[in-house]
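Chemist: Structure provided below as structure tokens; questions to follow.
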Amino acid sequence: MNQHNIIIFSDLDGCLLDHNNYSFSIAKPLLQQLEKLGIPLILNSSKTQLEIEKTQRDMNLNCPFIIENGAAIYFTMEQTKQLVKLEGETLDYVDHYAIKRFAQYHEQILSVANRLRKKYQFQYKGFSDMTTDQISGLTQLSKEDAFLASQRNFSEPLLWQDNQARLLQFKQLLSNQN
């Protein structure tokens, strides 16, 4: 832990990243001060693991991070020893990460959603139904960033193409799956 026993959690879009150009230049002095003080900055975002890893490289950060709207916390093996006490926690180990997850894996979510879509004829397109070019056009992300955004671990963004009543029905059916 750091000498101040402080950890800062922050979203990215509109907090550390400019909404218009995704630059973090205005946050650089803060990032440098946190590094100097040894205060960890935990990124918490709707972004995927790959998007956060890229952002952390760009920002020169090496801290645990939270992906896909709180679906999971990623720790390197070294961080599990240094930053937090995880005794008694159920963790998944993938590559060089210990993962504390709070959601089902993407494949399980797709399986349930696709079963409901087929059975009730719901009209939507998920990221997994789209090409990188389609995601880029829809989100205004570069093709590289759209690809990273498509690499979901725990969630599936949807472009709903049905009416509101059917959206409520879909949500209710999904909530009954847990």
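Chemist: Just from its helices, what would the mean residue ellipticity at 222 nm be for the chain, if runs of 4 or more DSSP H residues each count -39500 (n - 2.57) and the sum is divided by every residue, rounded to the nearest 500 deg cm²/dmol?
Modeler: -11500 deg cm²/dmol
Chemist: Sort largest first and round to whole Å: the equivalent ellipsoid semi-axes of region 77-173, each the square root of five times a Cα gyration tensor eigenvalue.
Modeler: On the way: eigenvalues 197, 78, 21 Å².
Equivalent-ellipsoid dimensions as semi-axes: 31, 20, 10 Å.
Chemist: Ranked from the most accessible area to the least, with a 1.4 Å probe and all protein chains present, what is the order of Ser136, Ser25?
Modeler: My answer, sorted largest first, is Ser25, Ser136.
Chemist: If I model a spin label at Arg115 and Asn62 as a point 7 Å from the Cα along the Cα→Cβ vector, what separation in nanometres do I get?
Modeler: 4.3
Chemist: Do you know the relative contact order of region 88-166, to the nearest whole percent, from alpha carbon pairs under 8 angstrom that are 6+ apart?
Modeler: Values: 67 pairs, mean separation 26.1, N = 79.
Averaging sequence separation for qualifying contacts and normalising by length gives 33 percent for region 88-166.
Chemist: If you compute log10 I(q)/I(0) by the Debye sum over Cα atoms at q = 0.08, 0.19, 0.20 Å⁻¹ for the structure shown, which of (1) -0.31, -1.31, -1.38; (2) -0.28, -1.30, -1.39; (3) -0.26, -1.43, -1.54 do you land on?
Modeler: (1)
Chemist: On a C-alpha basis, how far is the centre of region 158-178 from the centre of region 121-143 in Å? Whole number, if you could?
Modeler: Rounded to whole Å, the Cα centres lie 18 Å apart.
Chemist: Next up: Quick one: which residues, 5 or more positions from Leu16 or on another chain, have an amide H under 5 Å from its amide H? H modelled 1.01 Å from N in the peptide plane, none for Pro or chain starts.
Modeler: Result for Leu16 returns nothing.
Chemist: Now a separate question. Based on DSSP, what percent of beta bridges with both residues in the chain are antiparallel, to the nearest 5?
Modeler: Antiparallel: roughly 70 percent of the beta bridges in the chain.
Chemist: Hey, another quick one. Could you name the lysines whose alpha carbon sits less than 23 Å from that of Lys171, not counting residues in the same chain fewer than 8 places away?
Modeler: Lys47, Lys118, Lys119, Lys125
Chemist: Whose amide H sits under 5 Å from the amide H of Phe154, counting only residues 5 or more places off or on another chain, with H placed in the peptide plane?
Modeler: Amide H to amide H, under 5 Å and 5 or more residues apart or across chains, Phe154 pairs with His106.
The values are calculated or read from the model by the stated rules, or taken from the named source; none is laboratory data. Here the structure is a predicted model, which means the values were calculated and not measured. Note that we place each Cβ from the backbone using ideal geometry, even for glycine, and neighbour counts take in every protein chain shown. For the accessible areas, the whole protein counts, side chains as well, though only heavy atoms, and no ligand, DNA or RNA atoms are used. Shrake-Rupley method; radii C 1.70, N 1.55, O 1.52, S 1.80 Å.
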